[in-house]
Structures are given as C-alpha cells and as structure tokens.
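Below is one structure, written out as structure tokens; the observations come after it.
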Amino acid sequence: MAITLSLPKLPHKTPISSSKLPIPSIPTNLVLSQNPKCSNNLFIQTVQNLKPYTIPLTALTLPFFLHPQDALAVGGEFGILEGRSFALIHPLVMGGLFVYTLWAGYLGWQWRRVRTVQNEINELKKQVAPAAVTPDGKPVEAPPSPTELKIQQLTEERKELIKGSFRDRHFNAGSILLGFGVLEAIGGGVNTWFRTGKLFPGPHLFAGAGITVLWALAAALVPAMQKGNETARNLHIALNTLNVLLFIWQIPTGIDIVLKVFEFTKWP
C-alpha cells in the first residue's frame, strides 16, 4: 500500500536573522588531526549524531519524489488500493469463479451419476427372468436378454465413473469455491469503497449478496447429504442451479462496472 505523505501547514513567522541562530557546538572530545584514524572517528561520531534526524528528514523530502495522484481515484488516502490494478482483481477472480462453478457442477453431477446408475442396475435386476433349466436341473444356455445387456453396460459405466473419484473432487472444488467466493464477494465491496468512498445499492450488489448466501446454504447441506438424505441432495442441486442462473444474470452489470473503472481510474 502506498503511503501518502504531506507537509503540515505551519504558521507564518518572521524570518530570524542569521545572527540570532544558535551555532551548534562541536563536541570538545573531537580533536582534528591529520591522523587518518582520528578522521575516521570524527566521521563515525558525526553520523551517529545525525541518526535521530534521518526519519524526520525522510518524511519531509518523500512527498517531492512521489506522485501518488496518478494512481488514485478519490483522495489518495489508500494509495494503490484506489487504482485500476486493484479494482480489476475482483472481475478477474469472479470470472474465474464462474467457470469454476460450472466445473464443480459437472463433478457433482458425475458423482450423482455413480449413485443413480447403481439404482438403475438394481431395478433392472428385478426385471430379469429366472434362467431356464432342464428337467434334470441344468441351466439352459441362452443369449443374454436386452435387460441383461443393459445391466452389463451400466455396470461398466459405473466402474469408469468410480475411477474418476468424482466425490472427492467435487467436495474439494466446492470448498475452494466457497472460500474464494465469499472472500472476493466481500473484497469487491471493499474495493468499491476504496475507490469511491461509498457503496452503490443496485442489481450487481444485491445479486452478489444473493450468490454468497446461496454458496453458504448449499455448503450447509453437506453433512445431511453425507448421511444419505436425498432431500438435502436435491435442495443442494436446486440452490446451486439458482446460483449459476443468478451468476449469469449478474455478468452484464459487472461489465458495466469494469468500463467505469477504466473511465475513472488510472494505472497502476
């Protein structure tokens, strides 16, 4: 964060003549000599005497070398936090989180498919007719029925789905999405306040708040889902579907804000 320093306004006083200025005293223990060692000692003591004044001198001269107004949008109290670079972090992160939301949804749908395929297999097994046998009890060889072929197909599909570890991948993706999503949702509002000194209640702000709440509600259903609660699973899917739709609806207003950032701010 850039620190903006300014010189305090001092009351005007009549200049003091040079004859009234106090003359700094030279330490009596310093003896000028042509001896190099003595000169080195004098230099070292002089530097040590000036150390208490280095910070005030730096504070006084620094404003002459800095140009913080080039990067500020309001008054310069927050330095680079008011500039364009910091303002663009929010739209870039949220754009990435939107794509990541779709990816997390895909992983979740594949994990759901693992469970539903097994349910389909169980239902099909109930429809399989008992194998025919000869009078002496030996099974009659016959080609597999369409139902049995479907069971084989679904069984192979389920094996491939299990290899994808979609359950763990979906859980990890959801955790990352929740953490970064809440962080950046709040960060976007804080950045707006840095740049403008206020917030702007409107569609973008309210949609972002709604998305954040939906993230939290969907995550709160995870313990019940892990216990096999099908209602919690269906509600989890419904909340995340609404989240994606609200995310899409929010994109145009976000683009408008980005255009205003380019209009009213400067780099960095």
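Would you mind stating whether G202 is under 20 Å from G96 (Cβ atoms) and of a type outside the set (A, V, I, L, M)? Reasoning before the result, please.
Values: under 20 Å from G96 (Cβ atoms): no; of a type outside the set (A, V, I, L, M): yes.
Spelling it out, it is not the case that G202 is under 20 Å from G96 (Cβ atoms) and of a type outside the set (A, V, I, L, M).
Given the conditions (1) touching a residue at least 60 places away in the same chain (Cβ under 8 Å); (2) in contact with a His (Cβ under 7 Å, 6 or more places away or on another chain), and given that L221 satisfies all but one, which numbered condition is not satisfied?
Of everything listed in (1) touching a residue at least 60 places away in the same chain (Cβ under 8 Å); (2) in contact with a His (Cβ under 7 Å, 6 or more places away or on another chain), L221 misses just condition (1).
Is there a residue being more than 22 Å from L178 (Cβ to Cβ), of a type in the set (A, V, I, L, M, F, W, C) and either at pLDDT below 95 or exposed (fewer than 14 other Cβ atoms within 10 Å of the Cβ) (or both) anywhere in the range 203-212?
Just the residues of the range 203-212 that are more than 22 Å from L178 (Cβ to Cβ), to begin with: 203.
Now narrow it down to the ones that are of a type in the set (A, V, I, L, M, F, W, C): none.
Within the range 203-212 (the criterion being more than 22 Å from L178 (Cβ to Cβ), of a type in the set (A, V, I, L, M, F, W, C) and either at pLDDT below 95 or exposed (fewer than 14 other Cβ atoms within 10 Å of the Cβ) (or both)), the answer is no, since none of the residues qualifies.
The values are calculated or read from the model by the stated rules, or taken from the named source; none is laboratory data. It should be emphasised that the depicted structure is a prediction, and the values quoted were computed from it without experimental measurement. Because the Cβ atoms are built from the backbone with ideal geometry, glycine has one as well, and the counts that use them run over all protein chains shown.
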